[in-house]
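I have placed the structure first, in the form of structure tokens, so that the comments after it can refer back to it.
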Amino acid sequence: MGLHPLEFSECYLDSPGFREKIKSHEAELEKTNRFIKELYKDGKNLINATKQLGMAQRKFAQCLGEFQFEYIGDAKTDDEKCIDDSLLEFSSFLKNLEDQRELMMRNITETLMKPLEKFRKEQLGAARAERKKYEKETEKYYSSLEKLLNMSAKKKEPQLQEADSQVEVMRLHFQEESLDYVCKLQEIQERKKFECVEPMLAFFQTVFTFYHQGFELANDFDHYKQDLQINIQNTRSRFEGARLEVNELMKRIREAPQEYRQTSPISSEGYLYVQEKRPPPFGSSWVKRYCTFVKEQKILHMVTFDHRSGGKMGETESVTLKSCVRKTTDVLDRRFCLDLDITDRPGTVLTVQSMSEDDHKFWMQAMGGKEPLGHYLGRTCSKERGIDAQLDDLGMGFVQNSINAIEKRGINDQGLYRVVGVSSKVQKLLALMIEEKSHEVDLSTSEEWDVKTITSALKLYLRSLPEPLMTYGLYKDFINPAKSGSPESRFQAIHCLVHKLPDKNQHTLGLVLKHLANVADHSKQNLMTVANLGVVFGPTLMRPQEETVAAIMDLKFQNIVVEILIKQHQKIFAGAPESCPASGGPVLLAPTRQSKKVARQNRPLAVYNPQALDIKSVSPDGSSPTPAADDGSTGSSDSVESQPSSRSPPLATPSDTPPEKSGHTPLSSPLSNTSTGGGASHAGSAGSRETNLTGAVSSDEAQAEERKAEAVYPCEAEHDSELSFLIGAIFTGVTPSREPGWLEGVLDGKKGLIPENYVKFL
């Protein structure tokens with residue numbers, strides 16, 4: 001389990017557990033700050049001490065290898081796993097370059113040092129400033145609150161009201177600062193993954209560009225670079241989408257914090273001041289405790305916790321409640337008090353004081369206390385009623401009508417589904433289409449409604465349904481496969497779950513997915529790839545029933561599920577699978593195969609130049625879309641496509657994606673534009689080798705002995721240069737590879753690498 005999400009609702013409870021979560025986040029940021037400082041120092045050594053370059057690189061590699069990102073939530077996406085592993089990969093690259101001391105480090109200051117230092121000063125520095133403000137507001141609020149609660153109830157009403165208003169202002173300031181601080185902490189935790197790693201990729205560009213050993217020997221890093229570039233961009237795109245959702249949730253909680261107060265049908269919790277009576281002449285004292293009341297057993301757990309003493313937690317005391325009675329101010333000169341009759345101590349009454357009038361009502365309700373006649377204890381929750389969208393014949397007719405219009409009039413429009421229509425027109429169209437007269441309007445021929453209005457109305461309809469198309473009940477079941485397992489096991493689990501949906505949901509989902517696949521097929525014109533559509537339709541087709549930060553952190557997995565559905569919609573809706581795991585059962589993971597990793601040779605790797613890439617992405621708020629390769633992988637390899645000057649052709653594509661839909665274009669090598677002399681010739685030879693790997697067999701290979709081999713284990717390609725295959729696949733033209741432990745062969749017209757221990761020769 002990584003770092004716990006910080007719920008905005010907890011800012012209002014301010015529990016000890018919440019403070020512990022904040023401490024863990026702060027410790028992680030401090031660790032990141034120390035890591036960046038150390039990395040910055042080591043980078044200086046590389047620039048200023050060329051003679052000490054070997055030693056500096058070892059220290060730099062060690063620093064990278066020892067650091068590991070923490071993540072929020074209970075699982076990571078494939079992209080985040082690759083990003084988390086990237087520092088170890090970088091460390092490995094540097095160790096292999098130890099003997100190559102003639103590297104030129106001219107641009108390291110601009111590509112690595114400044115971005116990291118900027119992140120440390122601007123982001124981590126901002127977090128420190130927010131922390132100081134948060135601690136200051138904490139001290140001010142709880143000090144003023146304690147003074148207020150100690151104030152005599154016999155004072156004049158204007159004095160009491162003035163004191164109440166002053167504390168209320170401080171409370172609001174404290175809660176506002178708490179919300180901002182929590183948001184900032186989580187934003188930086190997510191941001192650092194790409195803000196720290198991308199400058200490191202730029203550093204490698206600087207190193208390898210000046211290392212003239214040729215592009216042929218640089219392929220080891222080239223494939224990894226392309227994948228990691230996509231991983232970073234996917235993570236950034238999902239971060240932007242999640243940040244928008246978090247800000248919306250924070251805004252709603254600010255407007256109505258009581259509606260989001262974290263309570264459950266099992267227990268209630270919050271702070272109470274407990275009166276502790278002492279023998280004469282010492283009187284009594286009031287001790288602040290964090291209390292949890294378990295309703296069914298009527299047990300009250302109390303733990304001492306003082307925010308101003310460093311947040312130290314005391315011992316927990318538990319008592320069983322018999323009854324709760326309101327204590328009036330004529331008996332005790334303190335407001336908001338309750339008398340608790342305790343069964344554990346017959347004849348003993350425990351007096352507690354709540355924090356405010358609302359808090360007092362809350363505890364009275366929770367403990368079954370009695371109020372004076374006519375006093376209302378309940379809390380009302382009124383939500384503005386939105387559009388009355390239903391999944392009925394009218395609704396499904398509107399979906400089909402919209403799809404027909406979009407595919408006829410705007411399938412090639414750039415930013416389709418990203419560019420939004422005017423809100424009033426969208427509302428008007430949707431209201432019209434879900435009325436009885438909707439069959440009279442043909443959107444494919446109507447000039448009154450433009451394409452962006454139709455796409456926005458369709459998204460609004462799907463989001464306005466009482467229950468999302470993929471249902472609340474199956475939400476966790478859909479999310480779980482995206483968090484673990486192989487691509488095959490994810491597909492199998494999602495295939496089964498789709499056929500558990502109600503008929504109307506399944507039918508409508510099929511219409512939408514078929515349409516989205518058609519949109520993705522035109523991504524060269526409309527720039528809306530499968531990954532970009534996943535970002536837009538993830539929260540539209542599926543969403544959790546509860547709005548929490550933890551749920552928003554799963555938004556990236558929603559996108560992955562929708563990507564799988566779009567890519568595999570034909571197989572999924574061709575029919576129900578023969579067998580499925582039991583409902584609610586664990587996801588069946590693909591069998592673990594033997595490791596295919598091989599030792600890297602001591603030679604230079606491929607280069608990376610972020611300045612040469614024009615990376616664009618899409619997010620729900622309407623930022624720029626990204627053309628990408630629809631290569632069938634899950635959540636990691638189809639959301640980014642670089643400009644033609646920076647991408648090499650793919651060496652293989654997954655078996656479920658036709659080569660002509662790959663979206664990759666054969667491009668020149670990065671080194672061919674930067675190298676001179678011998679470097680250019682190396683780039684030329686690399687290009688010829690790459691052509692051979694993509695399917696054009698050289699004359700020497702044609703003369704080689706034709707051998708066949710059969711797969712004895714299934715294999716899922718981890719890089720574009722490898723082949724994916726099932727047991728029993730037959731390979732032709734099998735020859736030894738220059739990579740130890742690998743073969744080269746042809747399967748279904750594609751040539752690529754095969755792990756030697758996965759096949760037997762025929």
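Under the simplified labelling scheme, the Lys147-Arg58 pair shows an inter-label distance of 6.1 nm, with each label point 7 Å from Cα along Cα→Cβ.
The heavy atoms of Ile560 present about 0 square angstrom of accessible area, all protein chains included, probe 1.4 Å. The 3J(HN,Hα) values that the Karplus relation (6.51, -1.76, 1.60; θ = phi - 60°) gives for the stretch 493-503 are, in residue order, 5, 5, 4, 5, 5, 4, 7, 9, 5, x, 4 Hz. Gly and Pro appear as x.
The accessible area of Leu460, taken with all protein chains in place and a 1.4 Å probe, comes to roughly 50 Å². Scoring 131-144, 80-93 by mean Cβ neighbours within 10 Å over their residues and listing the highest first yields 80-93, 131-144. The phi-based Karplus calculation (6.51 cos²θ - 1.76 cosθ + 1.60; θ = phi - 60°) puts the 3J(HN,Hα) values of the stretch 107-122 at 9, 5, 4, 6, 8, 10, 5, 5, x, 5, 5, 5, 5, 5, 6, 7 Hz, whole numbers, x for Gly and Pro.
Residues within the reach of a label modelled at Ser444 (point 7 angstrom out along Cα to beta-carbon, backbone nitrogen below 15 Å), restricted to the stretch 501-520, are 515.
Were the residues from Glu546 through His499 laid out at 0.36 nm apart, the gain over their Cα-Cα distance would be 14.5 nm.
Need one word for the stretch 383-521: rounded, prolate or oblate. Basis is the Cα gyration tensor (sqrt eigenvalues a ≥ b ≥ c); a/c below 1.5 gives rounded, then a/b vs b/c decides. Taking the square roots of the gyration eigenvalues as a ≥ b ≥ c, the stretch 383-521 is prolate.
Of the residues Phe573, Phe204, the one with the largest accessible area comes first in the ranking Phe573, Phe204, computed with a 1.4 Å probe on protein heavy atoms. Please say if the stretch 527-576 is rounded, prolate or oblate, where rounded means a/c under 1.5 for a ≥ b ≥ c the square roots of the C-alpha gyration tensor eigenvalues, and otherwise the choice is prolate for a/b larger than b/c and oblate otherwise? Note, shape of the stretch 527-576 comes out oblate. The simple Förster model, with R0 at 25 Å and r as the Cβ-Cβ distance, assigns Ser323 and Glu296 a FRET efficiency of 0.95. Classify the stretch 406-457: rounded, prolate or oblate, from the alpha-carbon gyration tensor (a ≥ b ≥ c, eigenvalue square roots; a/c under 1.5 rounded; otherwise prolate if a/b is larger than b/c)? Oblate is the answer for the stretch 406-457, as a/c is 1.5 or above yet b/c matches or exceeds a/b.
The values are calculated or read from the model by the stated rules, or taken from the named source; none is laboratory data. The model shown is predicted, which means the values in this text are computed figures rather than measured ones. Glycine also receives a Cβ, built like all others from the backbone with ideal geometry; neighbour counts cover every protein chain displayed. When the accessible area is computed, the model is the full protein with side chains, heavy atoms only, and any ligands, DNA or RNA have been set aside. Shrake-Rupley method; radii C 1.70, N 1.55, O 1.52, S 1.80 Å.
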